Amino acid sequence: MSGHSKWATTKHRKGAKDSARAKVFAKLIRQVEVAAREGGGDVATNASLRTTFQKAREASVPIDTIETRGQAGYGELEGVRYEAISYEATRPVASRSSSKTLTDNRNRTSAEIKHLLAKNGGTIAEPGAVSWQFDRKGILEVKGPIDEDQLLEWVLDAGGENFSANGVNFLVTTEPHDVGIVRDALEGFGAKVLTAELTLVPQNSIEITDEGEAKKVLRLMDAIDDHDDVQNIYANFDISDEILRRSRAERPSRISRESLTT
């Protein structure tokens, strides 16, 4: 699992606790609305809605707000219509990224994302130039400590693929359609699942060992992540925990924000 994934899950867990709480809520609510519109308003039959609903609840979004926006997306209420757009980019030190947005103004969002990339050392790429380098997977963060042999047995019995360490916790990978099943099974075995989401996992990672170069990448990640329309960011860089900790200490209000990697 890349350093980016570890950074992203840390941001996910802290997001609703910091100064970006309102922005986190707005992004999650927008995801609920779009998931309901695209797959229907029933969480039992709409896996995407079920996942976004759970993420919103984990972030402490009020249940009434979630249900209202789900109804708006499903067509039961009037609401703003959002369009999903992806932006692919090359970045500092040969890394690659893909950003998923939900916007009610394509031209505005496109211009702003391109400006942020240019300002922070990134370059927009042609559609498809980056996305083929990622695989769609389910990622669940399981609270540790847990005996790794026991966790491996649980993961395999639950239908998961593998797991890796993420500090004292663990990241479990699954096929995209198995996220809910694996989550329920792991919790049934006694594991505490902190987050469960769909994401893009890089096939190969670019290791960044120079702290100055790492800061350039993180600065661009922060800038893109801070945009109101950006819902998810996927990247193939790998930065050590030590460098991530130092960068987080220098910029706590930015690094701890929600990345919504789903």
Problem - FRET efficiency, 1/(1 + (r/R0)^6) with R0 41 Å, evaluated for Ala26 and Glu126 via beta carbons - result: 0.85
Handout entry: Inter-site label distance for Thr209 and Lys114 at 7 Å from Cα along Cβ, in nm
Key = 3.8 nm
Problem - Solvent-accessible area of Asp226 with every protein chain in place, 1.4 Å probe, in Å² to the nearest 10 - result: 50 Å²
Handout entry: Binned Cα-Cα distances of segment 68-226, short to long, each 5 Å bin given as a whole percent
Key = 2, 8, 14, 14, 14, 15, 15, 12, 6, 2, 0
Exercise for the section: With a 1.4 Å probe and every protein chain left in place, work out the accessible area per residue of segment 127-185 in Å², rounded to a whole number. Expected result: 50 Å²
Practice task
Grab the Cα-Cα distance for Glu67 and Ser86, subtract it from 0.36 nm times how many residues apart they are, and report the gain in nm with one decimal.
Solution key: 4.2 nm
Completion exercise
With the label point 7 Å along the Cα-to-beta-carbon line of Glu153 and a cut-off under 13 Å to each amide N, the hits in segment 159-202 are 189-190
Completion exercise
For segment 137-254, the percent of accessible surface on carbon and sulfur atoms (probe 1.4 angstrom, ligands and nucleic acids excluded) is 47 percent
Completion exercise
Accessible-area order for Val201, Val182, largest to smallest, probe 1.4 angstrom, reads Val201, Val182
Practice task
Just check segment 141-245 against the gyration tensor rule for me: Cα atoms, a ≥ b ≥ c as the square roots of the eigenvalues, rounded for a/c under 1.5, and otherwise prolate or oblate depending on whether a/b exceeds b/c.
Solution key: prolate
Handout entry: Pairs from Lys119/Lys143; Lys119/Lys192; Lys27/Lys143 whose Cα-Cα separation, in the structure shown, is over 32 Å
Key = Lys119/Lys143; Lys119/Lys192
Problem - Cα centroid of segment 125-141 to Cα centroid of segment 178-218, whole Å - result: 13 Å
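The values are calculated or read from the model by the stated rules, or taken from the named source; none is laboratory data. Remember, it's a predicted structure, so these values are computed and weren't measured experimentally. Positions of Cβ are backbone-derived with ideal geometry, glycine not excepted, and every protein chain shown enters the neighbour counts. Side chains are part of the model used for accessible areas, which takes the heavy atoms of the whole protein and leaves out ligands, DNA and RNA. Shrake-Rupley method; radii C 1.70, N 1.55, O 1.52, S 1.80 Å.
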